[in-house]
Amino acid sequence: MRIGNEQLKNFISDSEMIGAKELEQSFAEAENNKEKLGDVLLKKKLIDEIQLRKLYAYILGVPFVDLTKEIIPHEIIQLVPEPIAKKYKIVSFGKNGNELRLAMVNPEDIQTVDFIKKKTGLKVVICLTTEESIEAVLRQYSKSLKAEFGDIISKNSSEVSKETEDDLEKIAQGLPIIRIVDTLIKHAILQSASDIHIEPDEKEVRVRYRIDGILHEAMILPKQVRDGIIARIKVLSNLKLDEHRVPQDGRFKLEKDGLKISFRVSILPIFDGEKIVMRLLNESSKGLTLESMGLGGRGLEIIHRDIKRPNGMILVTGPTGSGKTTTLYTVMDILNTPEVNISTVEDPVEYRMPRINQTQIHPKVGLTFAAGLRSLLRQDPDIIMVGEIRDKETMEMAIHAAMTGHLVLSTLHTNSAAGTLPRLIDMGAEPFLVASTVNVIIAQRLVRKLCPDCRKDYKLSDKELKTLKDNYAMDEILEVIRKNPDVKNSVNPSGKWQEIKFSKAVGCERCNNEGYHGRVGIFEVLEVDNDIQKAISQKEPSESIEKKAREKGMLTMLEDGFVKAMQSVTSLEEIMRVTKE
């Protein structure tokens, strides 16, 4: 079942999928480097993986299957052991009588197919699929653990007896507690949780996961496992086991199945024991792009233009949990080239980034944001990231750095982009300095994305529109969207609100009946041009600054949210939940 480079080249040439010149160059490269032509074409992005696999399937005369949205019964998926499926990228997805259907990415791997045939005693039908399909099915092996979760907890918690304080270390190293904590962590990773909350009550221990910004009840555990779980997490985070009176912060890492997850641990004494919150940071995730975060059109152009300027300030604003730090890290990732020195002062250091000098502040020893920034300026940086501008001293240092030839990235807690400028002046900054140093301000919130498999299209009823009109200037929003060249083609908002298609959450097995899966940002991007500079210098209120920016084409967060709702990326309910003041 081997497909030679010559054979693949001839088929592509006949189908005219790729230009003759590009195909010849890729073929020569594959032959010279003794590579597969398909791999070279994928690397050069001349063909996508689905097209290539379909072509392989056509040449070999076998079916092609896409399993990315399939839910496979547990008894069928288990016919191929998980270690074999992971190692050889081959999964079982269907059974009809004594016929077993296998999906694989490597058609040359006849040896593994023979092994599965002998092991199952079934007749095997081979299909080709993509890497993405295999990954989707592999996740379902683990999802079957969800059913076993309750058994693991009840079985192991009964083995944990009440131990004395001296035995905390012994409990933490004991198999029952290790199993319980491992299962809690594994379950959180499977559900793409961003935080794990472990909260002791008077009679039980409650575990909740924050998924897509919303807390979900995960498990209620018996009280006798409380001390063991806390001790186990303290051991993992290298914290003091015998300290129960003061808060403690730590971190640990976990590498499993190609995933590299960093856990940031916060332990706080409460009335019924110690509450633990663990923040999960996926360090193995591919670098984010501003586009994938939800930025586009004019706003994206402004950011790309302003981050390439040699000096000035880029400010990102929004409440806690609105993705400000992620935006800054994405900008740093774009700017992170060998020619520049990027240094940061953070509290805490969220993600580790190569080639970037990251400093964790320690106020107890005098290493505050301002002190760290002052020392950092002696280190000859080109780009500086300050985790947050919290006080006058940090703000003055940041403005000074932006004036003296550095590009400064930072965050601030304000509700809108225009509201940031008066906030800096209230903190004691001179208006003319703010006007001359700030390049661009990005205000943002995060909204949940609708699950593409179960969302349902609908149009607004008169009653729903009246409710919206009571809360928002709907006619004005529609007019702004109509006039905006970036969005009018993508959503085509002709006619009235009642004629525009929206989507609502329904819920299915793939999104755990939530109706949502993943999150995206809604943004407003305010560029400080000459007119805005003049308004800042004259201490004009934020309403006046926002009006000027909107006249130049800035979309507010609410308007950006409505655009994303029109594109069926999110729902109107989400926009209303996130933008309500």
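The values are calculated or read from the model by the stated rules, or taken from the named source; none is laboratory data. The model shown is predicted, which means the values in this text are computed figures rather than measured ones. Counting neighbours? That spans all protein chains shown, and the Cβs are built from the backbone with ideal geometry, glycine included. Each accessible area value is taken on the protein alone, full model and side chains, heavy atoms only, with ligands, DNA and RNA left out. Shrake-Rupley method; radii C 1.70, N 1.55, O 1.52, S 1.80 Å.
Residues of the range 416-563: accessible area per residue at 1.4 Å, in Å²? List each step's numbers first, then the result.
Numbers: 7130 Å² over 148 residues.
Each residue of the range 416-563 exposes 48 Å² on average to a 1.4 Å probe.
Hey, any idea what % of the range 330-412's accessible area is carbon plus sulfur with a 1.4 Å probe?
Taking all protein chains in place, the range 330-412 shows 50 percent carbon and sulfur surface.
So what is the calculated 222 nm ellipticity per residue for the chain, using -39500 (n - 2.57) for each DSSP H run with n of 4 or more, over all residues, to the nearest 500 deg cm²/dmol?
It lands at -12000 deg cm²/dmol.
Quick one: Karplus J couplings for the range 170-181, per residue in order, coefficients 6.51, -1.76, 1.60, θ = phi - 60°, nearest Hz, x for Gly and Pro?
Each residue's phi maps through the Karplus curve to give 5, 5, 4, 8, x, 4, x, 5, 4, 4, 5, 5 Hz.
For the range 311-316, just list the computed ³J(HN,Hα) in residue order, Karplus coefficients 6.51, -1.76 and 1.60, θ = phi - 60°, integers in Hz, with x standing in for Gly and Pro.
3J(HN,Hα) across the range 311-316, in whole Hz: 8, x, 10, 10, 10, 10.
Among 176-187, 520-531, what's the highest-first ranking by average C-beta atoms within 10 angstrom per residue?
In descending order of packing, they fall as 520-531, 176-187.
Treating only the Cα positions of the range 74-119 as identical point scatterers, give the base-10 log of I(q)/I(0) from the Debye formula at each q in 0.24, 0.34 Å⁻¹.
Cα-only, vacuum Debye calculation for the range 74-119: -0.86, -1.51.
Compute all pairwise cysteine Cβ distances in the chain, then list the cysteines with no distance under 4.7 Å to another cysteine.
CYS127
For ARG378 and ILE220, calculate 0.36 nm times their separation in residues minus their Cα-Cα distance, and state this gained length in nm to one decimal. Write down the numbers at each step before the final one.
Values: separation 158, 0.36 × 158 = 56.88 nm, distance 5.21 nm.
Result: 51.7 nm gained on full extension.
Let's test this: bin the Cα-Cα distances of the range 344-392 at 10 Å from zero up to the farthest pair and state each bin's percent.
26, 59, 15, 0
Starting from the Kirkwood radius over alpha-carbon pairs of the chain, derive D by Stokes-Einstein at 25 °C in a medium of 0.890 mPa s and give it in µm² s⁻¹. Intermediate values should be presented prior to the final figure.
On the way: Rh = 27.7 Å.
My calculation gives 89 µm²/s for D.
Which of the three applies to the range 377-438, rounded, prolate or oblate, going by the alpha-carbon gyration tensor with a ≥ b ≥ c and a/c under 1.5 meaning rounded?
prolate
Packing-wise, with mean Cβ within 10 Å as the measure, how do 550-563, 353-366, 269-282 rank, highest first?
Top of the packing list down: 550-563, 269-282, 353-366.
Which FRET efficiency, nearest 0.05, do LYS466 and LYS392 yield, Cβ-Cβ r, R0 41 Å?
The computed FRET efficiency comes out at 0.30.
Return the sequence-ordered ³J(HN,Hα) values of the range 426-431 in whole Hz as given by the Karplus equation 6.51 cos²θ - 1.76 cosθ + 1.60 applied to θ = phi - 60°, using x for Gly and Pro.
4, 6, x, 7, 6, x
Could you tell me whether the range 17-130 comes out rounded, prolate or oblate from its Cα gyration tensor? Rule is a ≥ b ≥ c as square roots of the eigenvalues, rounded for a/c under 1.5, then prolate if a/b exceeds b/c, otherwise oblate.
Here the range 17-130 falls in the prolate category.
Suppose the Debye formula is applied to equal point scatterers at every Cα of the range 322-459; what is log10 I(q)/I(0) at q = 0.19 Å⁻¹?
-1.16
For the range 412-570, take the alpha-carbon Rg, divide it by the Kirkwood Rh, and send me Rg/Rh.
Expressed as Rg/Rh, it is 1.05.
Expressed in whole Å with the largest first, what are the equivalent ellipsoid semi-axes of the range 493-544 derived from the C-alpha gyration tensor as the square root of 5 times each eigenvalue?
41, 19, 9
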